[in-house]
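Reading through the structure tokens given below for one structure.
The values are calculated or read from the model by the stated rules, or taken from the named source; none is laboratory data. Just so it is clear, the structure is predicted and the values come from calculations on it, not from any experiment. All Cβ positions, even for glycine, are placed from backbone atoms using ideal geometry, and neighbour counts span all protein chains on display. Heavy atoms of the whole protein, side chains included, go into the accessibility calculation; ligands, DNA and RNA do not. Shrake-Rupley method; radii C 1.70, N 1.55, O 1.52, S 1.80 Å.
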Amino acid sequence: MKLILVLLMFTLSCSASAQAPTVADQNAPSKIAITSKDEPGEPLTVTGVVYGADGKTPLAGASVYVYHTDNNGRYTPGARDDNRNPRLRGYLRTDAQGRYEYTTIKPAPYPGENGPPAHIHYHVNAPGYQERVFEIVFEGDKRISADIRARAAQENSMFSIRPLTGNAASGWRCTQDLKLRK
């Protein structure tokens, strides 16, 4: 009985610490679809360019990992939500001009009234540069606080407030360019 309990605790601790990789494979594409057309939610396309430290030189082959909640504000279905292994995630490598693009759905905020605004997590890496980890949130979201706005105004902030164009029926679009630091 004691051995079974120890094995169960080990299995739970290993599964609790497992996390999706945050760096794309070397051959990852620059354009992906994270969701199928059947995924509930409002369609969203995000495009961008990853630049070097000068803010002008596009970085080819930079890794872009993104993930977000579904239309219900959950990372995984069921009672035990897990943001370490989200269902809606994508891995990209920028093209020769530093560009990337993904289609998905507009994420919902976490359930409840006091959570953060709807957001998409980013992990961006390139050889010789510091990893950039941040979230994009969408202009017009009532949950964007004054603190998030102030922090988003700082360079290399962990927040980026992005305007959306389009509409819920035909699809939303936004651009997220970024600069990496040496």
**Message:** If packing is taken as the average number of other Cβ atoms within 10 Å across a peptide's residues, how do 53-60, 118-125 rank, most packed first?
**Reply:** 118-125, 53-60
**Request:** Could you sort out which of Lys37/Lys182; Lys106/Lys182; Lys37/Lys142; Lys142/Lys182 sit more than 30 Å apart by Cα distance in this structure?
**Result:** Lys37/Lys182; Lys106/Lys182; Lys142/Lys182
**Request:** Note the angle between two axes, namely the Cα long axis of helix 2-17 and the longest principal axis of the Cα atoms of the chain, as a number of degrees from 0 to 90, rounded to the nearest 10.
**Result:** 10
**Asked** Which peptide among 39-46, 80-87, 170-177 comes first, and what is the full order, when sorted by highest mean count of other Cβ atoms within 10 Å?
**Response** 39-46, 170-177, 80-87
**Asked** Measuring from label point to label point, each 7 Å out along Cα→Cβ, what is the Arg173 to Ala150 span in nm?
**Response** 3.5
**Helix-derived mean residue ellipticity, 222 nm - over the chain, DSSP H n ≥ 4, -39500 (n - 2.57), to 500** = -4000 deg cm²/dmol
**Two-site label geometry, Lys142 and Asp82: point separation in nm, points 7 Å out along Cα→Cβ** = 3.3
**Prompt:** For the chain, what relative contact order do you get, as a whole percent, if you take Cα pairs closer than 8 Å and at least 6 residues apart?
**Reply:** 27
**Request:** Take the alpha carbon gyration tensor of segment 66-182, find the square roots of its eigenvalues, order them as a ≥ b ≥ c, and report rounded if a/c is under 1.5; if not, report prolate when a/b exceeds b/c, else oblate.
**Result:** rounded
**Item:** Candidate residues Phe134, Phe159: accessible-area rank, largest first, probe 1.4 Å
**Value:** Phe159, Phe134
**Message:** So, for segment 28-162, what is the accessible surface per residue at a probe of 1.4 Å, expressed in square angstrom?
**Reply:** 49
